[in-house]
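Down below is the structure, laid out as C-alpha cells.
The values are calculated or read from the model by the stated rules, or taken from the named source; none is laboratory data. Bear in mind the structure is a predicted one, so any value in this text is a computation, not a measurement. Counting neighbours? That spans all protein chains shown, and the Cβs are built from the backbone with ideal geometry, glycine included. SASA here: full protein model, heavy atoms, side chains in, ligands and nucleic acids out. Shrake-Rupley method; radii C 1.70, N 1.55, O 1.52, S 1.80 Å.
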Amino acid sequence: MVVPPLFFFFLLLLSLPLLSLSKSTIEPCSGSDTCPALVGYTLYADLKVSEVAALFGADPFALLAANAVDASSSPDPILPAGLFLRVPVPCACSDGIRRSVATRYTTRPADTLASLAASVYGGLVSADQIREANALPPDPPRSTRAKP
C-alpha cells in the first residue's frame, strides 16, 4: 500500500506542538557555585534603565546590551510599561538551588508582599519567598488579627 505524501505532511503538522514543548530543569548546585543568568521580566511601569538594573542588581550596560536598547540619545533611557526585557542577573547556590543574589526594592506605603510578587517582580517569586528572603514573620492566622 502506498501512503500519499499529504498524509506524512499531516502527521508532521500534528507532531510540531510536541516537538516545540520545552522542558524546564533546575540543576542542583553546591556550595560556592555561581552563574550568570537571564531573567525574563515585563515592566510593571515606565522605568529608567538604571531603575530596572537596581531592582535586580544588574549592570545597566549589560541590561542595555542584552536587549539591544540604543542609548545614544540618552545614557539612561526610560523604558515603557509592558516591555519584555531580558535582565542579566548574578546568581549563587543557596540550599541546593540557584537563586538571584542582589535584588532590591524600596517599599511604598500601599505595597503588600502579594502585590510585590505579582506586579513588581511579575510573578517571578511568591509572597512567601519574599517573606522568607527578608526574614519576615509569617502572617498571623485570620482569627487572631486585630479588627479595624
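Yes/no per residue for (1) within 12 Å of the chain's Cα centre (by Cα); (2) β-branched (Val, Ile, Thr); (3) modelled with pLDDT of 90 or more:
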residue: Lys48; (1), (2), (3): no, no, yes
residue: Leu55; (1), (2), (3): yes, no, no
residue: Pro60; (1), (2), (3): no, no, yes
residue: Leu63; (1), (2), (3): no, no, yes
residue: Asn67; (1), (2), (3): no, no, yes
residue: Ala81; (1), (2), (3): no, no, yes
residue: Pro90; (1), (2), (3): no, no, no
residue: Arg108; (1), (2), (3): no, no, no
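Against the condition surrounded by fewer than 17 Cβ atoms within 10 Å (Cβ to Cβ) and over 28 Å from Glu132 (Cβ atoms), how does Phe84 come out, does it pass? Here the answer is no, as Phe84 does not meet what is asked.
Give the residue, chosen from Tyr41, Tyr105, that is open to solvent by 40 Å² or more (accessible area, probe 1.4 Å) and aromatic (Phe, Trp, Tyr). First the steps, then the outcome.
Values: Tyr41 fails: open to solvent by 40 Å² or more (accessible area, probe 1.4 Å).
Matching residue, one of Tyr41, Tyr105: Tyr105.
Table: residues versus (1) modelled with pLDDT of 75 or more; (2) in a loop (DSSP other than H, G, I, E, B); (3) more than 17 Å from the chain's Cα centre (by Cα).
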{"position": "Phe9", "(1), (2), (3)": "no, no, yes"}
{"position": "Ser15", "(1), (2), (3)": "no, no, yes"}
{"position": "Ser22", "(1), (2), (3)": "no, yes, yes"}
{"position": "Pro28", "(1), (2), (3)": "no, yes, yes"}
{"position": "Val87", "(1), (2), (3)": "yes, no, no"}
